[in-house]
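Have a look at the structure below, then the notes.
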Amino acid sequence: MPVTPLIIGQLPETTYEGISVGDLVTAYYAGYHIVTGFHMSSHATPIQIDLKTVASATGKRFINPRARSCALTYCKKVDRERVNEMYLDELNELKDRYHMLYNLLKEVYNG
C-alpha cells in the first residue's frame, strides 16, 4: 500500500522549472493533467504538483477530472512543440515497424 506523504504547505509560486499553474503536463500517472498548484511535502522529492487528470494517454477527455499530486521531477509540460515531437517519434516508429515487416516478407518469400 503506497504511503501518502505529509503535505507541509502550499507554495505561493505559480511556476517551477518551466511548469506553471494551468499548463497541460504528463506525469507519473498515465494521461494528461492540468496543473492546479504546487506544494511542499515530506516525501523524498519535496516539490509536488497538484493535478487534475483531464484525459487518457490516448487523449480521450474525462468527464469528471480526478485530483491528484505528483513529484515535479516526473512532470513534463505538453505544448505544441512537444506534441509535434511525439507525433514525429510515433510516425517514425510506425515506419520502422512496417519497413522491418516488408524486409521479413522479402526473406520469407525470397524476394
Within segment 11-22, work out how many residues are under 17 Å from the mean Cα position of the chain (by Cα) and either part of a strand (DSSP E or B) or at pLDDT 95 or above (or both).
3
Would you list the strands (runs of 3 or more DSSP E) that sit entirely within segment 27-111 and hold 2 or more residues that are of a type in the set (D, E, K, R)?
47-55, 61-71
Matching residues, segment 35-77, being more than 15 Å from TYR16 (Cβ to Cβ) and aliphatic (A, V, I, L, M):
ALA44, VAL54, ALA55, ALA57, ILE63, ALA67
With the structure loaded, tell me whether ALA67 is touching a Ser or Thr at 6+ places or on another chain (Cβ under 6 Å) and either at pLDDT below 95 or more than 20 Å from GLY31 (Cβ to Cβ) (or both) or whether it fails that test.
no
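The values are calculated or read from the model by the stated rules, or taken from the named source; none is laboratory data. The structure displayed is predicted, hence computed values, not measured ones. Here Cβ is always computed from backbone atoms with ideal geometry, including for glycine, and neighbour counts include all displayed protein chains.
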